[in-house]
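Below: the structure, in structure tokens.
The values are calculated or read from the model by the stated rules, or taken from the named source; none is laboratory data. Computed from a predicted model, the values in this text were never measured in an experiment. Heads up, the Cβs are rebuilt from the backbone with ideal geometry, glycines too, and the neighbour counts pull from every protein chain shown.
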Amino acid sequence: MTRTFNWKLVFKTMGVLTTLEALFMLVPTFVAWWYKDPDFGAWIAASAITWISSWWMLGAGRKAEKRVGEREGYVIVAAVWLVYSLFGMLPFWLSGALPSFTDAWYETMAGFTTTGSTVFTDVAAQTHSILLWRALMQWIGGMGIIVLSVAILPMFGLGGMQLYSAEVTGVSYEKLSPRIADTAKHMWLTYILLTIGEGIMLWLFGMNIFDSVCHSMSTISTGGFATHNDSLMSYGPAIQWTVMGFMLLSGINFTQLIYLFRGKPKRMIKDEETRWYVGACLIAGIILAVGLLIHTHQIDSIRLGLFTSVSTITSTGFVASDYMIWPPVLWMIVFFLMLTGGASGSTAGGIKWVRLAIFAKSANAEIKRRIHPNAVIPVRFNGMTMSESATSNIVAFVFFYALTIVLASICFCACGIGFDEAIGIGVSMIGNVGVSIGQWGSSGCYEAMPDVAKWVATFVMLIGRLEIFTILLLFSRSLWKR
């Protein structure tokens, strides 16, 4: 028998989460008043619309049953990104900063999904409130709106486990405590402390307070929105090394970081995924650095190579050097790094290293089985034997990941975008990287992209942020028949 879908609970949950968004909007509203930004009125209007809408949703969800099933969980997880982006775009649209509805939607979705690509041709000309909202959107979306919600929803008598599991389909986070809400709180506390720590260091190294706040939020969320047109190219080595270090940390599973900060570094060192991820950052960084050193004969090639490696693998997208002027073999390496991503349970996008590692081990095991067909050769990760279902899950994920890139690239080509650039944009959007190759390259500015392509790109961003399966399950007939 098919259970009735609990629409009231969906509205109530969305009302609670939209109320949180309205509260976040008060921060740039205050900044607009403080700096006497001309868009202060737009912020008042956007905040009021968000508040009123949240009250309406809470009213529509009155007396909702406190039952979150799988269907409700997947719908809420997908809907919250769309609803947050719908209200989050209002300041851009109402202020005239982005008068095109498509451009305002694109910028907002790129923010909340931490993709970091932009349609602003002159970022530095924007008001303080707009720049702060861009960084704040990424910071909210970085740790995940759903991870935030499972820390808050229990206060309203709403369970968060179904939302948590729907958000992290495929590769799950490690629970630090029996209650999932406590795990979310630990992760958010670590997230906040890292943001504050980086902000202070950037300020000490010469960045002004406002830029320090914006860049620290964009770094820890691995989003990549900057306050200047040239990203981080105009800043000195100290700031670039600092950002590089925090990008590297943000690409590590946050539960491993919590163990590190609790004085248990061995837990993180022994973690196989962390070793794969850090090793990839270093090896790719050294290759880029050596190649750049041969090409330019400059000692700062080491810093630029490592920075580009970490920024690309973590899907942050900050730029310390225009890699499109490097030898083609180097920017092609950057292109392939865009596919990888950071560790599971981090704020980074991409395929994730736990999947890549298990995929590589499975391929190696298959080769051995060909040589020894009667041998039992298990695939182990972190000392545990991987089940066939877990391996199949990863193979399916990689297949759908590649398929999405192909389909998106076809759509981009149909919009008049060149073949190479279409593939680059597809990889960039699903990996939530932001930067790409070709015309947009390291600038990450997509203002010239056709409107239809922008809508396709935002959909691909969402698919990548929700790691594909959440979106696919929404279109599964079996989910709605259960």
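Would you check if there is a residue in segment 48-57 being out of contact with any helix residue (DSSP H, G or I) (no Cβ under 8 Å at 6 or more places or on another chain), modelled with pLDDT of 95 or more and either of a type in the set (Val, Ile, Thr) or under 21 Å from ALA448 (Cα atoms) (or both)? Yes, there is a match, as at least one residue in segment 48-57 is out of contact with any helix residue (DSSP H, G or I) (no Cβ under 8 Å at 6 or more places or on another chain), modelled with pLDDT of 95 or more and either of a type in the set (Val, Ile, Thr) or under 21 Å from ALA448 (Cα atoms) (or both).
From the list ALA348, ALA363, ALA289, exactly one residue is among the aliphatic types (A, V, I, L, M) and within 30 Å of ILE258 (Cα to Cα). Which is it? Quick ask: steps written out before the conclusion?
Details: ALA363 fails: within 30 Å of ILE258 (Cα to Cα); ALA289 fails: within 30 Å of ILE258 (Cα to Cα).
Step by step, each of ALA348, ALA363, ALA289 is checked, and only ALA348 is among the aliphatic types (A, V, I, L, M) and within 30 Å of ILE258 (Cα to Cα).
For SER95, indicate whether it is free of Cβ contacts under 8 Å to residues at least 40 places away in the same chain and either buried (at least 20 other Cβ atoms within 10 Å of the Cβ) or among the hydroxyl-bearing types (Ser, Thr, Tyr) (or both). So SER95 fails the test. Would it be correct to say that SER428 is more than 19 Å from GLY317 (Cβ to Cβ), in contact (Cβ under 8 Å) with a residue 24 or more places away in the chain and in a helix (DSSP H, G or I)? In short, no.
Restricted to segment 106-128, and to residues there that are in a helix (DSSP H, G or I) and among the hydrophobic types (A, V, I, L, M, F, W, C), the residue that is farthest from the chain's Cα centre (by Cα) is ALA125. Restricting attention to segment 191-200 and to residues that are crowded, with 19+ Cβ neighbours inside 10 Å and over 17 Å from the mean Cα position of the chain (by Cα), the residue that is nearest to THR242 (Cα to Cα) turns out to be GLU198.
With respect to the conditions (1) touching a residue at least 24 places away in the same chain (Cβ under 8 Å); (2) surrounded by 12 or more Cβ atoms within 10 Å (Cβ to Cβ), ILE423 falls short on a single one, namely (1).
Of the residues ALA402, ALA457, ALA365, ALA448, which is out of contact with any strand residue (DSSP E or B) (no Cβ under 9 Å at 6 or more places or on another chain) and over 28 Å from PHE307 (Cα atoms)? Reasoning before the result, please.
Working: ALA402 fails: over 28 Å from PHE307 (Cα atoms); ALA457 fails: over 28 Å from PHE307 (Cα atoms); ALA448 fails: over 28 Å from PHE307 (Cα atoms).
Result: ALA365 is the single residue among ALA402, ALA457, ALA365, ALA448 that is out of contact with any strand residue (DSSP E or B) (no Cβ under 9 Å at 6 or more places or on another chain) and over 28 Å from PHE307 (Cα atoms).
Quick one: how many residues across segment 248-269 are touching a residue at least 24 places away in the same chain (Cβ under 8 Å) and either among the β-branched types (Val, Ile, Thr) or surrounded by fewer than 16 Cβ atoms within 10 Å (Cβ to Cβ) (or both)? Of the residues in segment 248-269, 4 are touching a residue at least 24 places away in the same chain (Cβ under 8 Å) and either among the β-branched types (Val, Ile, Thr) or surrounded by fewer than 16 Cβ atoms within 10 Å (Cβ to Cβ) (or both).
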